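Input: a single structure, listed below in structure tokens.
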Amino acid sequence: MGVTEQLNEELKFLNGCRYSAITINSTARYGNDFLTLPRRRMADAAVSGFLIDDYDLLLETLQFFDGKVDTIFVDIEQKKKLNLYETAKAHVYKSELVTLKPNDMAVEACDTLVRHEFQDNLAGKNIIILGTGNLAGKITLKLSERQANIYILGRSKDKETAIIEGLNTFTPAFAPEIRSVDALNGQYIKADAVISFISGTFEEEAKIRPYIDAETFFVDGGINNFNGDFIKQLTGQGNTVTRLDVRIGLPYQFIATDAYTTDFFQNVYGKSVIDNVCIVSGGFIGEEGSVIVDNKNEPGQIVGIADGMGGVKRRENLTESDREAIQTIQESFSVGL
């Protein structure tokens, strides 16, 4: 099936939902010019995805879908020479154009998958992370913050040491120390999970075999991180082995265009004026004397009076003008301003 035929097939799928979108990604490892990805559905939203590494095919895809879908999500992480986002900015006129960070989406998907596997109870779980790159580092930090015991195995000892030392400098004060698998030095632990985010195929099974059993949960976060024979051995002894499906992270992709987020910036974040009184909301730092409320357009709660430095004045430091401002805003609640 040619590219034009694939685009038409995806459009048929997208036309069946109230909200439609496409994603355009690239990857450092993928070698072909065009690939249609698995479709994604969530409630009344449908999303088709494409991996593209050719300018002409990128242009054809953008022009085909512009105005036919609500949103075009474009990978902002430039992994190859072709700049997807700059090209999209120049050729998308009708659909909403939103940047997409696939790496973060993959991490959110992995985090959600592991939480699901362990019923959101990761405290004290032993997890081996294979890899020392962007994704491996991010998932290590997330799971360490969930109180899991993390053991890292990288292909470069120097990089592994640097990553471990770096992550340990800003994990929570009482989080378990992130360690190297080699630091176990023969000490037995039972790995509850092994998560791989390496570039290529893992070839050092012997280093993790002492720590895995039939209940160890395996996540392949890359493409063919585990070789076929190893997977056969694992599934043969009853292990669950999962190729990470980033569709789990679809809600994260929608966060910038979600109705809740849109409402926050339209109605909550910022400042406005009621009866000559300045009000601020949503973290917006106002000048001294501004009334901090829960919603700039329809306030229903007063948080306090801004001190002009990002804080809230103590009650005993309120001036008569401050108290009058509070009174004015309180009175606006009752008349629905």
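The values are calculated or read from the model by the stated rules, or taken from the named source; none is laboratory data. No experiment lies behind these values; they were computed from the predicted model shown. Note that we place each Cβ from the backbone using ideal geometry, even for glycine, and neighbour counts take in every protein chain shown.
Residues in segment 41-72 that are in contact (Cβ under 8 Å) with a residue 40 or more places away in the chain and more than 24 Å from the chain's Cα centre (by Cα): L57, E60, T61, F64, F65, K68.
Within the option set D245, D263, being under 30 Å from Q327 (Cα atoms) and either modelled with pLDDT under 90 or surrounded by fewer than 16 Cβ atoms within 10 Å (Cβ to Cβ) (or both) holds for one residue only, D263. Taking segment 139-173 as the search range and keeping residues that are touching a residue at least 24 places away in the same chain (Cβ under 8 Å) and of a type in the set (S, T, N, Q), which one is farthest from M105 (Cα to Cα)? Among them, the one singled out is S156.
Table: residues versus (1) out of contact with any strand residue (DSSP E or B) (no Cβ under 9 Å at 6 or more places or on another chain); (2) farther than 23 Å from D182 by Cβ; (3) assigned to a helix (DSSP H, G or I).
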{"position": "T99", "(1), (2), (3)": "no, yes, no"}
{"position": "A106", "(1), (2), (3)": "yes, yes, yes"}
{"position": "Q119", "(1), (2), (3)": "yes, yes, no"}
{"position": "G124", "(1), (2), (3)": "no, no, no"}
{"position": "I128", "(1), (2), (3)": "no, no, no"}
{"position": "T140", "(1), (2), (3)": "no, no, yes"}
{"position": "S144", "(1), (2), (3)": "no, no, yes"}
{"position": "I152", "(1), (2), (3)": "no, no, no"}
{"position": "T161", "(1), (2), (3)": "no, no, yes"}
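Taken together, A306, A325 contain a single residue that is outside the structural domain of K207 (by TED's automatic domain parsing) and touching a Gly at 6+ places or on another chain (Cβ under 6 Å), which is A306. When N134, N168, N149 are screened for being assigned by TED's automatic domain parsing to the domain that holds F217 and under 22 Å from E205 (Cβ atoms), only N149 passes.
Within the set K94, K80, the sole residue that is surrounded by fewer than 20 Cβ atoms within 10 Å (Cβ to Cβ), at pLDDT below 95, in a loop (DSSP other than H, G, I, E, B) and touching an Asp or Glu at 6+ places or on another chain (Cβ under 7 Å) turns out to be K80. For segment 261-284, a residue qualifies if it is touching a Lys or Arg at 6+ places or on another chain (Cβ under 6 Å) and polar (S, T, N, Q), and the qualifying residues are S272, S281. Contact annotation: residue pairs with Cβ atoms under 6 Å, 6 or more positions apart or on different chains, pairing a residue in segment 233-252 that is in contact (Cβ under 8 Å) with a residue 12 or more places away in the chain with a partner that is among the acidic types (D, E) and surrounded by 15 or more Cβ atoms within 10 Å (Cβ to Cβ), are R243/D220; G249/E108; Y252/E108.
Name every residue in segment 1-43 that is exposed (fewer than 14 other Cβ atoms within 10 Å of the Cβ) and in contact with a Lys or Arg (Cβ under 6 Å, 6 or more places away or on another chain), in order of residue number. A28, the sole residue that qualifies. Here T257 does not qualify as within 30 Å of I72 (Cα to Cα) and surrounded by fewer than 15 Cβ atoms within 10 Å (Cβ to Cβ). Total residues in segment 171-225 satisfying the condition of being more than 23 Å from the chain's Cα centre (by Cα), under 26 Å from D245 (Cα atoms) and of a type in the set (S, T, Y): the figure is 3. Within segment 185-207, the set of residues being over 20 Å from L122 (Cα atoms) and out of contact with any Ser or Thr (no Cβ under 8 Å at 6 or more places or on another chain) comprises N185, G186, Q187, I198, S199, G200, T201, E203, E204, E205, A206, K207. Candidates I208, I274, I279: the one that is in contact (Cβ under 8 Å) with a residue 40 or more places away in the chain and touching a Gly at 6+ places or on another chain (Cβ under 9 Å) is I279.
When E215, E320 are checked against the criterion of being acidic (D, E), without any contact (Cβ under 8 Å) to a residue 40 or more places away in the chain and more than 30 Å from E203 (Cα to Cα), E320 stands alone in meeting it. Here Q147 meets each of (1) surrounded by 15 or more Cβ atoms within 10 Å (Cβ to Cβ); (2) at negative phi with one exception, condition (2). Restricted to segment 199-230, and to residues there that are β-branched (V, I, T) and surrounded by 17 or more Cβ atoms within 10 Å (Cβ to Cβ), the residue that is farthest from Y188 (Cα to Cα) is V219. Of all the residues in segment 64-77, those that are over 12 Å from I22 (Cα atoms) and assigned to a helix (DSSP H, G or I) number 0.
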